[in-house]
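Input: a single structure, listed below in structure tokens.
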Amino acid sequence: MSDLIGKIKGKIDKGISKVNVESKKLIEKQKIKLQISELESKKKILLLDLGKLAHLILESSKQAVDKLVDKSVLTASSTDINPDKWEQVVLTVLKSICEGKMDKILFENTENEFKITAKSLSAEVEKSLPKSEKKEQNLQWLGRVIAKFGITSRKYSKRINRERETVYEFNKLKTISALNKVSNNNKAQPYKKDKDAGYKELMLSKSREINTLDTKIKNLESKLLKVES
């Protein structure tokens, strides 16, 4: 009888031991799977961050390309969009007029527009040039400068004091806008390398983090296989 009880007890002990072993394996597997899941979640967040950084770099590059395209379009419309020293005087005089500094030389002046004869504008340009810099600019040259830089105006002929004269009519806001555009195009546009460098450094940092996570995940997967075997 005691032998029977001993055998039964032995079987029960073996069963309990087996259950304990399986329970420990199950707990260990769940623990490893949880760790893998947490690491994969972190990896997904890092991958999203990488995508955002890549988008920012592409947008930055696109803006730089757009500026180059804009510049090429402007250059295509003229063999030389940058004003020389004589042309710059014309632009400076027109800007001063728009700012209300030369009202006396105008043929007509309203809140939004001003009119000036080609002779008056040419004379003011001549005044602003030293004798050594004058190159016998004529009224046709003046018209070409206005057309070259896309300065909005209407040109017509009118009899003034018994003489037929050319009159230019300018919209003040459009003229200022055109002059500012020329000014901005002549300014060097520094490429923001420091900004892109920051994005790239972040990408490298996050890539390294992803590589570290991948290594940890592989080690845990290997450990999981050993537990399951």
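No value in this document is a laboratory result; all are computed from the given coordinates. On a predicted model such as this, the values are computed, not experimentally measured, just so you know. Glycine gets a Cβ as well: all are built from the backbone with ideal geometry, and neighbour counts include every protein chain shown.
Distances between placed amide hydrogens fall under 5 Å for PHE107 paired with LYS115, ILE116, THR117, all partners being 5 or more residues away or on another chain. Computed over segment 82-186, relative contact order equals 31 percent, with contacts defined as Cα pairs under 8 Å that lie 6+ residues apart.
Computed from backbone phi with θ = phi - 60° and the Karplus coefficients 6.51, -1.76 and 1.60, the 3J(HN,Hα) list for segment 209-221 is 4, 5, 4, 5, 5, 4, 5, 5, 5, 4, 5, 5, 5 Hz; x is used for glycine and proline.
Full extension of the chain between GLU40 and LEU106 yields a length gain of 16.4 nm, computed as 0.36 nm times the residue separation minus the alpha carbon distance.
Projected label points at LYS52 and LEU202, each 7 Å from Cα along the beta carbon direction, are separated by 0.7 nanometres. The Stokes-Einstein estimate for segment 82-186, based on a Kirkwood radius over Cα pairs and taken at 37 °C with 0.692 mPa s viscosity, is a diffusion coefficient of 234 µm²/s. Among residues other than PHE170 with Cβ under 12 Å from its Cβ, the summed charge is +3 (Lys and Arg +1, Asp and Glu -1).
Around ARG159, with a cut-off of 14 angstrom between Cβ atoms, what is the net charge of the other residues, counting Lys and Arg +1 and Asp and Glu -1? Net charge in that neighbourhood comes out at +2.
Given a Förster distance of 41 angstrom, what is the FRET efficiency for GLU169 paired with LYS131, based on the Cβ-Cβ distance and rounded to 0.05? Result of the calculation: an efficiency of 0.85. Here's how it looks for GLU165: its modeled amide H is under 5 Å from those of LYS158, ARG159, ILE160, which are all 5 or more places away or on a different chain.
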